[in-house]
Amino acid sequence: MSDISVNIAGLKMKNPVMTASGTFGYGLEFADLVNLEDIGGIIVKGTTLNPREGNDYPRMAETPYGMLNCVGLQNKGVDYFCKNIYPQIKDIKTNMIVNVSGSCPEDYAECAAKINDLENIPAIELNISCPNVRQGGMAFGVTTDGASQVVRAVREAYKKTLIVKLSPNVTSISDIARSVEDAGADAVSLINTLMGMSIDIERRKPRLSIKTGGLSGPAIRPVAVRCVYQVSKAVNIPIIGLGGIMTAEDAIEFFMAGANAIEIGTGNFIDPAISVKVAEGINSWLDAHGCKSLNEIVGVID
C-alpha cells in the first residue's frame with residue numbers, strides 16, 4: 001500500500017481527500033452512509049458570526065455536467081455551532097474543519113476567534129468570496145488588498161492552521177494567492193465556484209432566485225486544474241485542489257498540477273461515499289504505477 005498521508009501546514013491527514021464546505025453538512029448527516037473516520041478531513045458548512053437565512057428559493061439548478069447554487073451561507077451562527085454542533089462532532093476521529101465567512105474583516109476575525117477556542121477543530125477555511133459590505137458588495141477575494149485585509153485580521157485572531165479558499169472569478173488567481181500567503185495564510189484551497197446563470201425559457205425567468213449563482217461539478221474541472229497549476233508556481237504554501245472531482249483519476253490530475261490534497265463537493269450529492277472511494281482509488285493508482293508515496297506525483301508538471 002502506498003503512503004497517501006499528507007501534512008497540510010501541521011494538519012495531519014490519513015489520506016488527502018476532504019469534503020468541501022456546503023456539500024457535506026456537518027458530517028453527521030452522512031454518518032449512516034459512510035464511515036466518517038475514513039475521510040481525510042471534513043469541512044463543515046459555512047459559518048458566520050451571526051445567523052443568516054440565506055437566499056430565497058429556488059436556489060439550486062441542474063446544469064450539464066454540474067449545478068448552480070445560490071444558497072447564501074444559510075446557518076445559525078458561530079455561537080450556535082459552538083454550543084450545539086461542536087459537542088456532536090468533536091470526537092469524530094478525523095479533521096473537522098470549519099469554513100468561515102463574513103461581511104467585514106472584523107466579523108471574520110471574531111468568528112475565527114470563537115472557533116480557535118474549540119480544542120478539536122484543528123483548522124479553518126476562509127471563504128473570501130463573500131461580498132464586502134464596505135465596498136459596495138465587491139467580493140473580498142477579487143482584489144489583492146481585500147483578500148490580504150481579511151487574512152491579516154483573521155491571522156491575528158486565529159492560531160491554528162489557516163486555509164484560504166480562492167475564487168476563480170478574478171483576473172489573476174496567482175496574484176491573489178501570493179497576497180494571502182504574504183498576509184499569513186498557511187495553505188490555500190481552490191477553486192471556489194464559477195459565477196453562472198441559467199434561464200427557464202418557457203417561464204422567461206432565471207432558474208435561481210437571485211439570477212446568478214455558483215457553478216460547480218465536472219464542467220469546471222479543467223478550469224480548476226489550470227488554476228491549481230498556476231498557483232503552484234506562485235506560492236510556497238500547500239495547495240488543496242477542488243472543482244469537479246468525481247474519480248481517483250480526476251484527483252491525480254490535481255496532484256500532478258501541484259495540489260497536496262483535494263476536496264470533493266458536488267460528487268457528494270451523487271454518491272455520499274465518494275470521498276472514501278476516491279481515497280481508495282488514489283492508493284490503487286499509486287500502487288499500479290509503482291509509487292510508494294503520493295509525494296512522488298505532486299507537482300510533476302513543469
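List of remarks:
- For the range 244-273, filtering for residues that are surrounded by fewer than 24 Cβ atoms within 10 Å (Cβ to Cβ), within 16 Å of G66 (Cα to Cα), hydrophobic (A, V, I, L, M, F, W, C) and touching a helix residue (DSSP H, G or I) at 6+ places or on another chain (Cβ under 9 Å) leaves 1.
- Look at the range 74-102: where a residue is free of Cβ contacts under 8 Å to residues at least 40 places away in the same chain and a partner is surrounded by 20 or more Cβ atoms within 10 Å (Cβ to Cβ) and aliphatic (A, V, I, L, M), sitting 6+ places away or on another chain with Cβ atoms under 7 Å, you get G77/L49; V78/L49; V78/I115.
- Count of residues meeting criterion [more than 13 Å from T47 (Cβ to Cβ) and crowded, with 18+ Cβ neighbours inside 10 Å] in the range 87-103: 3
- Highlighted here are the helices (runs of 4 or more DSSP H) found entirely within the range 239-302 that include at least 2 residues which are among the charged types (D, E, K, R): 248-257, 274-288.
- None of N55, N127 is surrounded by 16 or more Cβ atoms within 10 Å (Cβ to Cβ), closer than 18 Å to A139 by Cβ and modelled with pLDDT under 95 except N55.
- Checked against the criterion of being on the phi > 0 side of the Ramachandran plot and in contact with a Ser or Thr (Cβ under 7 Å, 6 or more places away or on another chain), the candidates G243, G299 yield just one match: G299.
- Candidate set: the range 104-124, residues that are free of Cβ contacts under 8 Å to residues at least 40 places away in the same chain and aliphatic (A, V, I, L, M); chosen: the one surrounded by the fewest Cβ atoms within 10 Å (Cβ to Cβ): L118
- A residue that is touching a Phe, Trp or Tyr at 6+ places or on another chain (Cβ under 7 Å), more than 12 Å from A147 (Cβ to Cβ) and hydroxyl-bearing (S, T, Y) occurs somewhere in the range 201-215.
- Matching residues in the range 133-147 - criterion: being modelled with pLDDT of 95 or more and buried (at least 24 other Cβ atoms within 10 Å of the Cβ): A147
- Here V225 fulfils each of the conditions (1) aliphatic (A, V, I, L, M); (2) part of a loop (DSSP other than H, G, I, E, B); (3) free of Cβ contacts under 8 Å to residues at least 40 places away in the same chain apart from (2).
The values are calculated or read from the model by the stated rules, or taken from the named source; none is laboratory data. On a predicted model such as this, the values are computed, not experimentally measured, just so you know. Cβ coordinates were reconstructed from backbone atoms using ideal geometry, including for glycine residues, and neighbour counts include every protein chain displayed.
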